[in-house]
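Here's the structure, in structure tokens; my notes come after.
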Amino acid sequence: MPPIQFAVDRREAGKTLAAVLKLRYGLSWAQAKRLVERGHVRVSGQVESDVARRLKLGKRVEIAAGAIEVKRADKPKTKEKPKPAAPPKAKEKPKPPAPPKRAASGPALDPDCIVYADEAIVVVNKPAGLTTVRSTEDVAEFGTHGQRFLTKTLAGMLPAALGAPNKPVIPVHRLDRDTSGLVVFARTKAAAENLLKQFRKHSTERRYLALTRGTPEAKKLDSVFVRDRGDGRRGSTTDFLAEDGKRAVTHVSVREVLGKLALVECRLETGRTHQVRIHLGEAGAPLCGETVYDRAVNGAPKPDDSGAARPMLHAARLGFVHPESGEPLSWEVPPPEDFAALLKELRGK
């Protein structure tokens, strides 16, 4: 049996090797990963070991003989003699139309969103508009059955995308629904415990890119967060002994001044809820598209002429020590299309 060979077409160009194998042969992520790890796949004549390698148009891919089974087209069926028509049945009352099925809400998970996966962890480039994980309040209110009718979450969609629909992933941190970028899930309890310890010790690397209204001062922002700063919003307090207070530390640097706006990088030392959004808002440079942390306590919102449809925040870089191998790992992904388009527009003004 000869090896399977094909050239990357326009539909596949730019996709990862795993995504192309899944698209062409209906493989799961896990099957594609095993195929590559076992050395069964060559790209341009060389054995390819990176399942996340993006393929260019025209690249020749070769799969070892017998590594996968390609289904053959069914043989044409022979024509059968027509059966005599059945006698007409008595007229039945028309059945009422079936109620329409509930459409799945939220964006679909593109296979290319999976940046890295093994038996212990999975790293995902989360799209903006997708909730990372179901809130504890929703879980308590709707229960296991009721959750099926709620908007899908990234944590809920990942098992099927990984080829293990009955093996839930374990969240160890999260991104806001409207924030894009890198997030890691554990696939075993041991891996989850290890990663949680790293996040608690603040030894992980997390860098965000933000488009802001105004240019913040490049500095370390260090404050104590409370659930209610005085107007129902989360924020910093001057009471360092507040009962529910939690220290929040963000290192801010300005990458580019864009007139009245700016491209800013934020390195997180801690990981509090809405930390970057709150700190930048309090620094007088709220995110473009921000509608919550864009004002002083009981104050008016700061004008926003950016045209952003969401808070422009992207988790661009993530790094930690692999919970099993002990190897330092890091990934970096570019901002999504809406962020990049707004940045390009601002640079052209």
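The table below gives the values:
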quantity: Which numbered condition L221 fails, given (1) touching a strand residue (DSSP E or B) at 6+ places or on another chain (Cβ under 7 Å); (2) under 25 Å from P336 (Cβ atoms); calculated: (2)
quantity: Close pairs from the range 43-55: first outside the structural domain of R11 (by TED's automatic domain parsing) and more than 15 Å from C113 (Cα to Cα), partner part of a loop (DSSP other than H, G, I, E, B) and not small (G, A, S), Cβ under 7 Å, at least 6 apart; calculated: none
quantity: Residue count for the range 16-37, restricted to those that are crowded, with 16+ Cβ neighbours inside 10 Å and assigned to a loop (DSSP other than H, G, I, E, B); calculated: 2
quantity: V264 in a strand (DSSP E or B), among the β-branched types (V, I, T) and within 24 Å of the chain's Cα centre (by Cα); calculated: yes
quantity: Residue count for the range 51-70, restricted to those that are surrounded by 14 or more Cβ atoms within 10 Å (Cβ to Cβ) and either among the charged types (D, E, K, R) or in a loop (DSSP other than H, G, I, E, B) (or both); calculated: 10
quantity: Qualifying residue in the range 273-291 (condition: of a type in the set (A, V, I, L, M) and either touching a Phe, Trp or Tyr at 6+ places or on another chain (Cβ under 7 Å) or not assigned by TED's automatic domain parsing to the domain that holds A192 (or both)); calculated: yes
quantity: Filter result for N194 (assigned by TED's automatic domain parsing to the domain that holds M312, in contact (Cβ under 8 Å) with a residue 40 or more places away in the chain and out of contact with any Ser or Thr (no Cβ under 9 Å at 6 or more places or on another chain)); calculated: yes
quantity: Unmet criterion (only one of (1) under 20 Å from R207 (Cα atoms); (2) in contact (Cβ under 8 Å) with a residue 60 or more places away in the chain) for K349; calculated: (1)
quantity: Filter result (outside any loop (DSSP other than H, G, I, E, B) and closer than 14 Å to G281 by Cβ) within the range 215-261; calculated: L221, S223, F225, G235, S236, A248, T250, V252
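Per-residue answers, yes or no, for (1) in contact with a helix residue (DSSP H, G or I) (Cβ under 9 Å, 6 or more places away or on another chain); (2) at positive phi; (3) modelled with pLDDT of 95 or more; (4) of a type in the set (D, E, K, R):
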site	(1), (2), (3), (4)
P94	no, no, no, no
V124	yes, no, yes, no
E137	no, no, no, yes
G146	yes, no, no, no
G156	yes, no, no, no
N194	no, no, yes, no
E205	no, no, yes, yes
Y208	yes, no, yes, no
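The values are calculated or read from the model by the stated rules, or taken from the named source; none is laboratory data. Note that the structure is a prediction, hence the values are computed from the model and not measured. Because the Cβ atoms are built from the backbone with ideal geometry, glycine has one as well, and the counts that use them run over all protein chains shown.
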